[in-house]
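First the structure, in the form of structure tokens, and then the observations on it.
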Amino acid sequence: MSAFPSTRLRRLRRTAALRRSFTETRLHPAALVLPVFVKEGLDDPEPVGSMPGVLQHTIASATDVARQARDVGVGGMLLFGIPAAKDALGSSGWDPAGPVPTAARAIRDAVGDGLVVWADVCQCEYTDHGHCGPLRDDGLVDNDAAVELYVRDALAYADAGVDLVAPSGMMDGQVAAIRRGLDAADHGDVGIVAYAAKYASAFYGPFREAAESGMVGGDRASHQMDPGNRREAVLELGLDAAEGADVLMVKPAMPYLDVLADARRNLDVPLAAYQVSGEYAMLRAAAERGWLDGDAAMREAVTSIHRAGADVVLTYAALELARNAS
Ligand code: PBG
């Protein structure tokens, strides 16, 4: 390439039409997935204080959101359940009448295959102690016992008709066990999205209010990744791919764009990234104070995640991003 003055990169930035023609990354609604919280026993949707615009849903309101999402071309919806009753094992997680299977059936009835239905698989919303599986005497999550319960959850969600199950508990071996369980139960068509590089992040704070999954003591540092680790993410992603994951996820998204870019460079598998509750809440809070143009900042944040290598982005702003897609 010749230098200035024959080369002027500003030429292709002069008008909106020029910029639109040569943009490298477009946010198509189909690349967005909307996480949704469904709470058992709710009469009306309930706002989540720390996530402006996000609600805990009834089955009916979640189904309505599914119709809206389908109508504006959003790619999919990720279901989280908040059960009426919790216990030490989190047994409501695999209850076929629980919030996720019930919502999945209602959504499938309403939108057919017009939307990809994802279900998060973890015990933290279902245990009375808020941890991701049964606890050992030393207070850490029992890896292999938790994995057995994730298989039960995944089967209940597959029976209810979800397209994809997304194990988020960061237990070793969870993807292989779920794949075996699904295949043995004739659910070979149900895919697995592995939360493969999931960090022990402070950015999940607002989610724990939304999903009512706050912990009674302890943290998740003995299973989620250390935020300082970049090379280890390549190991985690590679292992989950080898265990049979169909899609690999990096989470959180914007503070981990280097991890996402590494994943894109190292692996030719579909990649997802999750713009988590804290990322969403920061932007919304600053916008509420008039400190940021909220819509523009949200679009830029999600575009950056897509640009760094995510084929699909999970974002609580999926509906408004899709509605405003040009
Ligand atoms: C676990 C799960 C969490 C999130 C998604 N799945 C919480 C955690 O690991 O503590 C966080 C999502 C968000 O913050 O938006 N079921």
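The figures follow:
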| read-out | value |
| --- | --- |
| Residue match in the stretch 87-107 (condition: under 20 Å from E209 (Cβ atoms), within 12 Å of the ligand (Cβ to nearest atom) and outside any loop (DSSP other than H, G, I, E, B)) | yes |
| Every residue from the stretch 269-295 that is open to solvent by less than 50 Å² (accessible area, probe 1.4 Å) and closer than 17 Å to T25 by Cβ | L271, A272, A273, Q275 |
| Residue in the stretch 297-304 that is at pLDDT 95 or above, touching a strand residue (DSSP E or B) at 6+ places or on another chain (Cβ under 6 Å) and part of a strand (DSSP E or B) present | no |
| Residues (assigned to a strand (DSSP E or B) and away from the ligand (no atom under 16 Å from the Cβ)) located in the stretch 24-46 | E46 |
| Contacts under 9 angstrom Cβ, first residue in the stretch 118-141 being assigned to a loop (DSSP other than H, G, I, E, B), partner among the basic types (K, R) and open to solvent by less than 20 Å² (accessible area, probe 1.4 Å), 6 or more apart | C124/R220; H131/R220; C132/R220 |
| Filter result (out of contact with any Gly (no Cβ under 8 Å at 6 or more places or on another chain) and away from the ligand (no atom under 16 Å from the Cβ)) within the stretch 108-128 | D109, A110, V111, G112, D113, G114 |
| Near pairs, Cβ below 8 angstrom, 6+ apart or cross-chain, from the stretch 1-28 (in contact (Cβ under 8 Å) with a residue 40 or more places away in the chain) to any residue that is assigned to a loop (DSSP other than H, G, I, E, B) | R20/S326; L27/A325; H28/G73; H28/A325 |
| Residues being of a type in the set (G, A, S) and touching a strand residue (DSSP E or B) at 6+ places or on another chain (Cβ under 6 Å) - total across the stretch 207-228 | 2 |
| Criterion (of a type in the set (D, E, K, R) and farther than 20 Å from Y157 by Cα) met by exactly one of E40, E46 | E46 |
| Restricting the stretch 51-74 to residues that are of a type in the set (S, T, N, Q) and open to solvent by less than 40 Å² (accessible area, probe 1.4 Å), the residue that is nearest to the chain's Cα centre (by Cα) | Q56 |
| Residue match in the stretch 306-320 (condition: open to solvent by less than 10 Å² (accessible area, probe 1.4 Å), within 16 Å of the ligand (Cβ to nearest atom), assigned to a helix (DSSP H, G or I) and within 20 Å of R19 (Cα to Cα)) | no |
| Residue count for the stretch 23-47, restricted to those that are crowded, with 20+ Cβ neighbours inside 10 Å and under 17 Å from A281 (Cβ atoms) | 4 |
| Long-range neighbours under 6 Å by Cβ, at least six apart or interchain, first residue touching a residue at least 40 places away in the same chain (Cβ under 8 Å) within the stretch 203-214, second among the aliphatic types (A, V, I, L, M) and within 7 Å of the ligand (Cβ to nearest atom) | F203/V276; Y204/V276 |
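The values are calculated or read from the model by the stated rules, or taken from the named source; none is laboratory data. None of the values given here were measured: they were computed from a predicted structure. Note that we place each Cβ from the backbone using ideal geometry, even for glycine, and neighbour counts take in every protein chain shown. SASA here: full protein model, heavy atoms, side chains in, ligands and nucleic acids out. Shrake-Rupley method; radii C 1.70, N 1.55, O 1.52, S 1.80 Å.
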